1. Between a residue in the stretch 17-29 that is in contact (Cβ under 8 Å) with a residue 60 or more places away in the chain and any residue that is surrounded by 14 or more Cβ atoms within 10 Å (Cβ to Cβ) and of a type in the set (S, T, N, Q), which pairs come within a Cβ distance under 7 Å, given they are 6 or more apart or on different chains?
2. Looking only at residues in the stretch 46-77 that are surrounded by 13 or more Cβ atoms within 10 Å (Cβ to Cβ) and of a type in the set (Gly, Ala, Ser), which one is nearest to His27 (Cα to Cα)?
3. Restricting to the stretch 78-104, name every residue that is more than 25 Å from Gly67 (Cβ to Cβ), open to solvent by 40 Å² or more (accessible area, probe 1.4 Å) and not in a strand (DSSP E or B).
4. Among the listed residues His114, His6, identify the single one that is more than 24 Å from Thr130 (Cβ to Cβ), open to solvent by 30 Å² or more (accessible area, probe 1.4 Å) and without any contact (Cβ under 8 Å) to a residue 40 or more places away in the chain.
5. Please give the number of the condition Ile34 fails out of (1) within 25 Å of Asp9 (Cα to Cα); (2) open to solvent by 80 Å² or more (accessible area, probe 1.4 Å); (3) touching a strand residue (DSSP E or B) at 6+ places or on another chain (Cβ under 7 Å).
6. Look at the stretch 3-24 and say how many of its residues are within 20 Å of Met95 (Cα to Cα) and in a strand (DSSP E or B).
Amino acid sequence: MAHELHAEDRQAIGEILSLHGRLDGGHLGRLGEIFTPDVVYDMSAVGVGTFEGIETIRSAALRLGQGNPIAHHVTNVVISGEGDGLATALSKGLMLMADGTLASVTHLDTLRRHDGGWRIRRRVISPQRTPLGGARLAGAGDR
């Protein structure tokens, strides 16, 4: 059941999502500022796997090395309150890769209150590779 969030909560959640994009410059020691200790980071839809815990995420990023994006840009954020100190955020992400290519993904984040603020407890990243999510008008053929 949806629960209304205060403007301060919405702003704080937006800041957490934005901070993730700012920490991609190698500030892996600050991941605890955006994730809960028991975070689940699911990138299986993009072929990278699922990681549990901050240290596992940090290690995976280091192993990925040059395969990491050089920049993350979060946009189109929609936040819903879920009650009991939980919220959901849907957003789109643009990732600039080292070879100059750009990738588009969606983030489905579950956040909870932790250490006096909001933190991402679960993130699911899904690639966006098909216009309109693959939707087509019945009988439209290949116009």
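The values are calculated or read from the model by the stated rules, or taken from the named source; none is laboratory data. Values in this document were obtained by computation on a predicted structure and should not be read as measured data. Here Cβ is always computed from backbone atoms with ideal geometry, including for glycine, and neighbour counts include all displayed protein chains. Keep in mind that these areas ignore ligands, DNA and RNA; they rest on the heavy atoms of the full protein, side chains included. Shrake-Rupley method; radii C 1.70, N 1.55, O 1.52, S 1.80 Å.
1. Leu17/Ser91
2. Ala61
3. Residue satisfying the conditions is Asp84 alone.
4. Among His114, His6, only His6 is more than 24 Å from Thr130 (Cβ to Cβ), open to solvent by 30 Å² or more (accessible area, probe 1.4 Å) and without any contact (Cβ under 8 Å) to a residue 40 or more places away in the chain.
5. All conditions are met except number (2).
6. Residues that pass the stated criteria total 0.
So that you can scan it fast, the table gives a plain yes or no per residue for (1) part of a strand (DSSP E or B); (2) farther than 26 Å from Glu8 by Cα:
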| position | (1), (2) |
| --- | --- |
| Arg30 | no, no |
| Val40 | yes, no |
| Thr50 | yes, yes |
| Arg58 | no, yes |
| Gln66 | no, yes |
| Thr75 | yes, no |
| Thr106 | yes, no |
| Trp118 | yes, no |
| Arg122 | yes, no |
